[in-house]
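No lab work stands behind these numbers, since they all come straight from the coordinates. Not measured: the values here are computed from a predicted model. Using ideal geometry, Cβ is built from the backbone for each residue, glycine included, and neighbour counts are taken over all protein chains shown.
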């Protein structure tokens, strides 16, 4: 997500959606009654003097709505914000209803009183740093290596080996694969790599994997397919779901650690609570240090128009200097928290 401008004291931020993952962040930042400004298509009726009929056309306009309903569909990669029109061109009636469809490349302005966890989510989504990911594109005789960047990649090196052809079969010179593996090992140490995307046409990546003996290195590798090598192959890798997956995993690792910490406290029956009622009571006493809430619980309560109680709990926690974390229900740790009603907290002190 690209941060175009922000003034959190005045309660305004302007953002550009860069990928589908950004919709998840926005669905956890935007609340009912927020003011959202963005471009949209609206059906306009045009009068025709000749036959006095009205022609309906679609027109792209900039519109501001006060949000009444937030609909986020993970499977459809869709974020729909429905509400009352507050500002629009003169031919659009104020007070009527409209739905903004937020998608990739959408630019929106959000006006609201931001909670700290919402500001943190915006900073997390717009931060320039990315996990250390090594991209490797290879075939039978060539390999390219690059380091993933926020917008693209930085080419590190390209190497080539010899290919012997015999009886319509191709055989790799024994020195090529070891050289590729050595390059991967060198870059792993130099850049402290967290993930490696190894891609190739056909089966070359699988052959290379069989020759890697370092178990720790193997655990970092995700296999992918590309139809070419060199810069074209690296460009292909950037568009692969495998890259999106490892970027999500970086967030998952952090969320999993938070939930595991909560579960440890629960297993000891010390300094922890879970469930709406229990968490609300702990929040009212100023006892919550860390509050964890799943996105599934948030969306469920919004659908049932019963979100305000949870929102007040989060506000209370922040007012008593606690931290609030919204975690995804897509991974195992998130599902475990959903099994505990979707909300839990680590406490500063014991409560009865």
Spin-label pair residue 335/residue 179, simplified geometry with 7 Å Cα→Cβ offset, distance in nm: 4.5 nm
Förster radius 45 Å - calculated FRET efficiency between residue 323 and residue 41, Cβ distance, rounded to 0.05: 0.65
Dimensionless Rg/Rh of the range 133-239 - Kirkwood Rh, Rg from C-alpha atoms: 0.95
Packing-based exposure ordering (other Cβ within 10 Å, fewest first) of 244, 127: 127, 244
Compactness of the range 2-126 - radius of gyration and Dmax, Cα, Å: 16.2, 58
Residues in the range 74-112 reached by a label modelled at residue 248 [backbone nitrogen below 19 Å; 7 Å Cα→Cβ]: 74-80, 103-105
Approximate spin-label separation residue 149-residue 71, in nm, with each point projected 7 Å along Cα-to-Cβ: 4.0 nm
Angle between the chain longest axis and helix 308-319 axis [Cα atoms, degrees, rounded to 10]: 70 degrees
Between helix 176-191 and the chain: long-axis angle, C-alpha atoms, 0 to 90°, nearest 10: 40 degrees
Residue-span extension gain [residue 269 to residue 222] - 0.36 nm each, minus C-alpha spacing: 13.0 nm
Estimated Rh, the range 185-325: Kirkwood, alpha-carbon pairs, angstrom: 18.9 Å
Principal axis dimensions, largest first and in whole angstrom, of the chain by Cα: 78, 76, 32
Two-site FRET efficiency, residue 305 against residue 107, from Cβ-Cβ distance with R₀ of 25 Å, rounded to 0.05: 0.30
Residues 279, 290, 62, sorted so that the one with the fewest Cβ neighbours within 10 Å comes first: 62, 290, 279
Difference of contour (0.36 nm per residue) and Cα-Cα distance, residue 91 to residue 191: 30.3 nm
Helix 241-267 axis, angle to the chain major axis (alpha carbon atoms, nearest 10°): 70 degrees
Stretch gain in nm, segment residue 62-residue 276, where the contour uses 0.36 nm per residue and the Cα spacing is subtracted: 73.1 nm
Scattering curve values for the range 266-352, log₁₀ I(q)/I(0), Debye with Cα scatterers, q = 0.13, 0.23 Å⁻¹: -0.37, -1.13
